[in-house]
Amino acid sequence: QVQLVESGGGLVQPGGSLRLSCAISENIFRLDSLAWYRQAPGNQRELVATMRRWGSTQYADSVKGRFTSSRDNAKNTVYLQMNNLKPEDTAVYYCNAAGSLGNFWGQGTQVTVSS
């Protein structure tokens, strides 16, 4: 069982920045993909960014140019740097890891963008 623990959420004003972290209990080289999703109240969970093990990172159109996903292989941790945040970015953000071991989710971290 792979465990994922997100952190870094909070309240931020429009135009501000946050960095989310996702600590993973497994060697991330054993995972085919690492991704960030978000879910706003009343909405379906949507894909924000995905990193393939051997490929580039892809982003949702709504966050391109503002969000950057990265990974620290030594720490088995992935990050989501979020800049120029907008009220519509308000959501619970989830980390996801998938591969031959299965499909795993973190508990989520709340991001609220409000003045």
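The values are calculated or read from the model by the stated rules, or taken from the named source; none is laboratory data. This structure is a prediction, so every number in the text was calculated from the model and none was measured. Backbone-built Cβ (ideal geometry, glycine too); neighbour counts: all protein chains shown.
Structure above, values below:
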quantity: Number of the exception - residue 8 against (1) closer than 22 Å to residue 103 by Cβ; (2) touching a Lys or Arg at 6+ places or on another chain (Cβ under 8 Å); calculated: (1)
quantity: Number of positions in segment 7-54 that are among the hydrophobic types (A, V, I, L, M, F, W, C), part of a loop (DSSP other than H, G, I, E, B) and within 24 Å of residue 85 (Cβ to Cβ); calculated: 1
quantity: Filter result (closer than 21 Å to residue 23 by Cβ and among the small types (Gly, Ala, Ser)) within segment 44-74; calculated: 49, 69, 70, 74
quantity: Per-region count, segment 35-63, residues under 13 Å from residue 97 (Cα atoms) and at pLDDT below 95; calculated: 3
quantity: Scan of segment 55-104 for residues that are among the charged types (D, E, K, R) and either surrounded by fewer than 17 Cβ atoms within 10 Å (Cβ to Cβ) or in a strand (DSSP E or B) (or both), ordered by number; calculated: 61, 64, 66, 71, 72, 75, 86, 88
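Okay, residues lined up against (1) within 18 Å of residue 1 (Cα to Cα); (2) touching a residue at least 40 places away in the same chain (Cβ under 8 Å):
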| position | (1), (2) |
| --- | --- |
| 18 | no, yes |
| 57 | no, no |
| 102 | yes, yes |
| 105 | yes, yes |
